[in-house]
Amino acid sequence: MRDAYGVRSTAHGANLIQLTRLGSINAFFVREDDGLTLVDTMIPGSAKGVLAAARVVGAPIVRLVITHAHGDHAGSLDALVERLPAVEVAFPARDARFLRGDKTLDPDEPQDKPRGGYVTVDTRPTRELSPGDRLGSLEVLDARGHTPGQIAFLDTRDRTLIAADSWSTLGGLQPASLTHPRVLVPGIATWHRPTAQASAAALRDLRPARLAVGHGRVLEQPGPAMDAALARVEDLE
Ligand SMILES: [Zn+2]
């Protein structure tokens with residue numbers, strides 16, 4: 001574990017490196033043969049720390065992907081792309097519209113108002129991702145509900161689930177269909193709770209060996225804890 005410019009790096013297994021700011025906001029490096037995939041960029045002001053962390057790993061950032069259009073995930077995107085002109089940039093196809101500044105909902109989506117801090121970015125993606133696509137070793141997963149187009153990733157080499165804000169471990173493990181009474185994020189920023197609940201359950205069904213989330217610590221062998229958390233939600237219904 002080490003810190004640079006306020007970004008703490010923690011390795012989990014052979015291929016995942018957790019980057020954390022303020023003890024609660026995560027991004028991740030995924031190691032690939034050709035370099036690193038950066039999943040999310042944290043809040044504004046994180047670029048220096050992310051680049052320093054990549055130097056410590058000793059590999060270039062070759063891909064950058066955003067899980068959803070909230071500012072604590074896309075906040076340092078433009079600053080990083082400015083410093084990494086050759087990087088491949090991938091956005092989730094649906095949330096790419098939010099990142100361009102279009103906050104409209106489609107007629108077939110739940111008409112709840114999107115919540116939380118959506119950001120508009122100058123960067124245009126080189127690629128848009130939909131569930132079923134692949135990005136290096138990562139399989140793209142449907143994680144909508146927290147936002148209309150959130151995506152998550154399964155590293156098929158070791159079944160690491162990068163769940164974005166569909167699950168949180170801050171203050172204890174729970175799906176983002178619920179708002180934690182003390183820590184609030186990310187549940188308070190969830191758009192449509194039934195959709196978020198269905199996504200959280202579908203991700204659990206993938207039998208992840210490791211759970212990495214947007215907020216909170218990384219869990220090993222998370223299955224039983226995810227089952228218990230989903231059962232608690234059912235009790236509340
Ligand atoms: Zn979020």
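Let me know the shape class of region 104-237, please: from the alpha-carbon gyration tensor, a ≥ b ≥ c as square roots of the eigenvalues, rounded when a/c is under 1.5, otherwise prolate if a/b is greater than b/c, or oblate. Since a/c reaches 1.5 but b/c is at least a/b, the shape of region 104-237 is classed as oblate.
In percent, rounded to a whole number, the relative contact order of region 55-148 is 31, using alpha-carbon pairs under 8 Å and six or more apart. The helix-only estimate of mean residue ellipticity at 222 nm for the chain, built from DSSP H runs of length n ≥ 4 each weighted as -39500 (n - 2.57), is -6500 deg cm²/dmol after division by the residue total. Counting beta carbons within 10 Å around each of 102, 155, 165 and listing the fewest first gives the order 102, 155, 165.
How many percent of all Cα-Cα pairs in region 2-236 sit more than 21 Å apart?
For region 2-236, the fraction of Cα-Cα distances above 21 Å is 50 percent.
Between residue 134 and residue 158, full extension at 0.36 nm per residue minus the direct alpha carbon distance yields a gain of 7.1 nm.
When 234, 88 are ordered from fewest to most other Cβ atoms inside 10 Å of their Cβ, what list results?
The fewest-first ordering by Cβ neighbours comes to 234, 88.
The convex hull built on the alpha-carbon positions of region 54-135 has an orientation-averaged projected area of 6.4 nm². Legend: P(r) of region 44-99 from all alpha carbon pair distances, 10 Å bins from 0, whole percents, reading 23, 54, 21, 2.
Quick check on the chain: of the DSSP beta bridges with both residues there, what percent are antiparallel, nearest 5%? Walk me through the numbers on the way to the answer.
Values: 34 of 47 bridges.
Within the chain, antiparallel bridges account for around 70 percent of the total.
Bear in mind these aren't lab numbers, they're just calculated from the coordinates by the rules spelled out. Because the structure is a prediction, the values reported are computed rather than measured. FYI the Cβ positions are ideal-geometry reconstructions off the backbone, even for glycines, and counts take in every protein chain you see.
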